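One structure below.
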Amino acid sequence: MTLFASQSQSNDRIYTVSSLNAQVRLILENEMGIVWLVGELSNFSMPVSGHWYFTLKDARAQVKCAMFKGNNRHVTFKPSNGNQVLVKARLSIYEPRGDYQLIIESMQPEGDGRLQQQFEQLKMTLAAEGLFAQSLKKPLPLQPQSVGIITSKTGAALHDILQVLKRRDPSLAVIIYPTMVQGDGAAISIAQAIGRANARQECDVLIVGRGGGSLEDLWAFNEEIVARTIAASQIPIVSAVGHEVDVTIADFVADMRAPTPSAAAELISRDNSAQTEKVAHKKRQLQHAVQHYLSKQNQSINLLSHRLERQHPQLRLNQQQQHLDDISRRLQQIMLKKIQIQQQRITQNTYKLSLYSPQQRLQHDKATLASTTRRLFDAMDRKLLNANHKLALAAEKLDTVSPLATLSRGYSITRDDKGNVIRHCDQVKAGDQLITTVTDGKIYTTVNPS
């Protein structure tokens, strides 16, 4: 009874294949959201529609992917089979075939892309924890008595900061906390220097930074240990990493961000007018607050944009375009196969026709006639050869019984004038004319009376 009840309940809703695939697609797109994926490109194709289709694989598995032209136009490199890439994607399903696939939103080479992904993930984590909140920012002292500098003792950043401080406020005490700013162990070294400065309480404000470089060069300032140490610092910290276009996690966590190390020195040093400094300080605070507010609004806009994109008609149009590309590929394959079959049939019929061609038959009959003529001449030659052989044998036999052969041995034949051979004496009488044949001629004689 329990079995029948269970079957009855499971059949309350019966799906068609189309509705099931549509429901699965909605679940994948709405529940999974955005994923980051590293893999190797293979089976890469670019049809005339402008969309990209390819497979991402690793040593044990693979997944089909589609990147529509609205997104792939932002890719800054030329992808090809074998490339290791980092992609940002949404999970989906291609409904006509029921194929699980990824809809790619962005693509980067694996090295830079992996660092950028780690940057974004840590940024989101720390933002969610509130480490970027404006309420946590400590105000910079209006008239600091001493400043601590945490950077490399041999770098250009230290030289720039000291030059600015000397020019603007020579009386300001400077304490240097040398540290590594690049490579293995740099993040720990920076965190330890911040810790020493807080433990000693020797300065009113800290400048933490270095000169410009690549994302990999600046990576120590994107490490979580540095971010959390800056957030825990009791001394106000100004982040001065790289150039103005360089942005690090340290910039978001610090109490103030300076676009360059020189600008950081400008921010903390006293100017001739205290009022001007106060206004500038308030302006910077306002800018920082606006920047933080805009950052939060941008995150909200991005979230709403992703939600809107999932409902956008362009998504359906892209899916239909993918379906059209798929049908186009299948039609081309069918047409090619049909053409191959017709070509095979033409070849077979051409061969059959050649077997019954009059020219082929005439060539065959000519060959037969030539063969028959050769056999006829061969037979005639053999017949003449046999006849000549038989004639020679007969001539040889005739020669053995020929009178001429007898004559050659010294015998002769005598005939009368009538041609009768004289064998006995009584066949002649006196006065008869006789003809004697010898081997080399004839002798004419007359019989005398005895």
Checklist entry - Does L158 satisfy the criteria of being part of a helix (DSSP H, G or I) and open to solvent by less than 10 Å² (accessible area, probe 1.4 Å)? => result no
Checklist entry - Looking only at the stretch 61-70, which residues are under 18 Å from D326 (Cα atoms), open to solvent by 40 Å² or more (accessible area, probe 1.4 Å) and not in a strand (DSSP E or B)? => result K69
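D58: under 30 Å from L215 (Cα atoms) and surrounded by 12 or more Cβ atoms within 10 Å (Cβ to Cβ), yes or no?
Values: under 30 Å from L215 (Cα atoms): yes; surrounded by 12 or more Cβ atoms within 10 Å (Cβ to Cβ): yes.
Here the answer is yes, as D58 does meet what is asked.
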Checklist entry - So Q234 clears everything in (1) open to solvent by 50 Å² or more (accessible area, probe 1.4 Å); (2) outside the structural domain of A191 (by the TED database); (3) more than 48 Å from the chain's Cα centre (by Cα); (4) not hydrophobic (A, V, I, L, M, F, W, C) except one condition, right? Which one? => result (2)
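Can you tell me which residue among P141, P96 is touching a His at 6+ places or on another chain (Cβ under 6 Å) and either in contact (Cβ under 8 Å) with a residue 12 or more places away in the chain or not assigned by the TED database to the domain that holds R257 (or both)?
Details: P141 fails: touching a His at 6+ places or on another chain (Cβ under 6 Å).
On inspection, the qualifying residue turns out to be P96.
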Next on the checklist: Tell me whether the stretch 324-331 contains one or more residues that are in contact (Cβ under 8 Å) with a residue 40 or more places away in the chain, open to solvent by 90 Å² or more (accessible area, probe 1.4 Å) and among the hydrophobic types (A, V, I, L, M, F, W, C).
Outcome noted: yes
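Could you please find all residues in the stretch 170-211 being out of contact with any Asp or Glu (no Cβ under 6 Å at 6 or more places or on another chain), free of Cβ contacts under 8 Å to residues at least 60 places away in the same chain and assigned to a loop (DSSP other than H, G, I, E, B)?
Pass one, the stretch 170-211, residues out of contact with any Asp or Glu (no Cβ under 6 Å at 6 or more places or on another chain): 170-174, 176-181, 183-186, 188-211.
If we keep only those that are free of Cβ contacts under 8 Å to residues at least 60 places away in the same chain as well, we get 170-171, 173-174, 176-181, 183-186, 188-203, 206, 208-211.
Those that are out of contact with any Asp or Glu (no Cβ under 6 Å at 6 or more places or on another chain), free of Cβ contacts under 8 Å to residues at least 60 places away in the same chain and assigned to a loop (DSSP other than H, G, I, E, B): P170, S171, T179, M180, V181, G183, D184, G185, Q201, E202, C203, G211.
The values are calculated or read from the model by the stated rules, or taken from the named source; none is laboratory data. Since we're looking at a predicted model, the values are computed, not measured. All Cβ positions, glycine included, derive from the backbone under ideal geometry; neighbour counts span all protein chains shown. For the accessible areas, the whole protein counts, side chains as well, though only heavy atoms, and no ligand, DNA or RNA atoms are used. Shrake-Rupley method; radii C 1.70, N 1.55, O 1.52, S 1.80 Å.
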